[in-house]
Amino acid sequence: MGKNVKLKENGKLTKKDLFKAYINWITYALSCQNMERMEAPAFVRMMGKIGDKLYTDKEDKQKLMERHSQFFNTEPLVGAIIPGIAIGLEEKKAQQDNDIPDEMITGIKTALMGPFAGIGDSLISGTLIPILLSIALGLSKDTGSLAGPIFYVVAFLGIMIPLTWGLFYRGYKTGLDAAGAVLSKGIKDKVIRVANIVGLIVVGSISAQYVGAQVGLSYNSGESVFALQAVLDSIFPSLVPLLLTLLSWFLLDKKKISMGWVFVIFIAIAIVGSLTGILIPV
């Protein structure tokens with residue numbers, strides 16, 4: 001298949017376009033991330049290149065960029081299948097004149113980023129890299145030879161480049177086929193609902209795991225001490241992290257406050273809570 005041949009009948013993207021998008025993802029997924037949106041900047045850069053081929057209208061390109069500027073974070077190697085799926089869905093959306101709603105694309109991304117992060121972290125960071133490093137260190141431990149570093153680089157790239165490109169390409173093909181099946185069978189609304197539910201579960205799990213705060217208030221009665229946090233845990237575990245998460249959502253979505261000011265507000269809450277003993281860090 002030539003690089004400039006369309007990958008799908010009536011499609012807009014060539015294999016060259018898809019490979020450029022893959023290079024953008026692999027190169028920038030971690031190099032331009034930030035704490036506010038994590039890997040979304042890489043997604044936006046990748047989609048910006050794709051958008052030039054999918055749309056001629058400036059407003060459509062802007063909507064494309066806005067869709068993918070939302071928070072996104074996964075293990076970028078095994079998770080390379082997700083941007084591939086997103087590109088496949090975006091191409092189908094451009095072909096079908098918006099038959100694929102924005103919520104379907106963003107919901108699928110959110111639903112998939114957690115599971116593939118777990119798979120990628122376990123297989124790549126937790127298994128493959130330690131094995132390759134142990135071999136490389138063994139080659140250079142006593143002699144200081146360059147054989148170890150060279151082996152590691154060659155072996156890692158030799159495994160990762162075919163793997164990530166294969167996943168990226170397969171994600172693109174699956175994205176198109178899955179979108180076609182969903183549209184043809186009229187189950188689009190069900191897919192959107194399921195994706196949104198899974199996305200909410202993922203967000204809720206992340207909030208419960210990473211938002212750390214407890215109520216420090218307690219009541220002494222004789223020799224007994226009643227901690228308010230223990231009472232809250234018996235009624236509604238992780239209630240305080242949930243309330244803080246909802247507060248951040250309210251400030252960002254409803255009050256349209258910038259992320260920078262939300263950081264300032266939460267820093268103020270942390271300082272006041274710590275000084276007064278109302279809140280204690282976990």
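The values are calculated or read from the model by the stated rules, or taken from the named source; none is laboratory data. Keep in mind that this is a model prediction, so the values were computed, not measured. Note that each Cβ is placed from the backbone with ideal geometry, even for glycine, and that neighbours are counted across all protein chains shown. To get the accessible areas, we keep the full protein, side chains included, count just its heavy atoms, and leave off ligands, DNA and RNA. Shrake-Rupley method; radii C 1.70, N 1.55, O 1.52, S 1.80 Å.
Points worth noting:
- Difference of contour (0.36 nm per residue) and Cα-Cα distance, Tyr219 to Leu232: 3.3 nm
- Ranked by the mean number of other Cβ atoms within 10 Å of their residues, highest first, the peptides 130-137, 20-27 fall in the order 20-27, 130-137.
- Taking amide hydrogens as placed 1.01 Å from N in the peptide plane, the amide H of Ala227 sits under 5 Å from those of Tyr219, each at least 5 positions away in sequence or on another chain.
- Cross-link table Lys49/Lys93; Lys16/Lys63; Lys58/Lys255; Lys15/Lys92; Lys20/Lys53; Lys61/Lys93, entries beyond 18 Å C-alpha to C-alpha: Lys16/Lys63; Lys58/Lys255
- Here the Karplus relation 6.51 cos²θ - 1.76 cosθ + 1.60, evaluated at θ = phi - 60°, turns the backbone of segment 69-77 into coupling constants of 8, 6, 3, 8, 8, 8, 6, x, 8 Hz, with x for every Gly and Pro.
- Protein-only accessible surface at a 1.4 angstrom probe places the residues Ile280, Ile100 in the order Ile280, Ile100, largest first.
- Solvent-accessible area per residue, Å², over the chain with all protein chains present [probe radius 1.4 Å]: 58
- When each of the peptides 269-275, 105-111 is scored by how many other beta carbons lie within 10 Å of its residues on average, the order from highest to lowest is 105-111, 269-275.
- Of all accessible heavy-atom area on the chain, the percent that carbon and sulfur account for (1.4 Å): 64
- Tensor-based shape of the chain (alpha-carbon gyration tensor, a/c under 1.5 rounded, otherwise prolate or oblate): oblate
- Residue order by solvent-accessible surface for Arg45, Arg67, Arg170 is Arg170, Arg45, Arg67, largest first, with ligands and nucleic acids left out and a 1.4 Å probe.
- Long hydrophobic helices in the chain, taken as whole DSSP H segments with a C-alpha length of 24 Å or more on their own axis and mean Kyte-Doolittle hydropathy at least 0.0: 102-120, 147-185, 188-210, 259-276.
- For segment 211-221, 3J(HN,Hα) per residue [Karplus equation, 6.51 cos²θ - 1.76 cosθ + 1.60, θ = phi - 60°, Hz, x = Gly/Pro]: 8, x, 7, 9, 6, x, 6, 8, 10, 9, 10
- Modelled this way, with points 7 Å down the Cα-to-C-beta line, the labels at Asp57 and Leu157 are 4.4 nm from one another.
- Sites Met259 and Ile201, calculated FRET efficiency, Cβ-Cβ separation with R0 22 Å, nearest 0.05: 0.40
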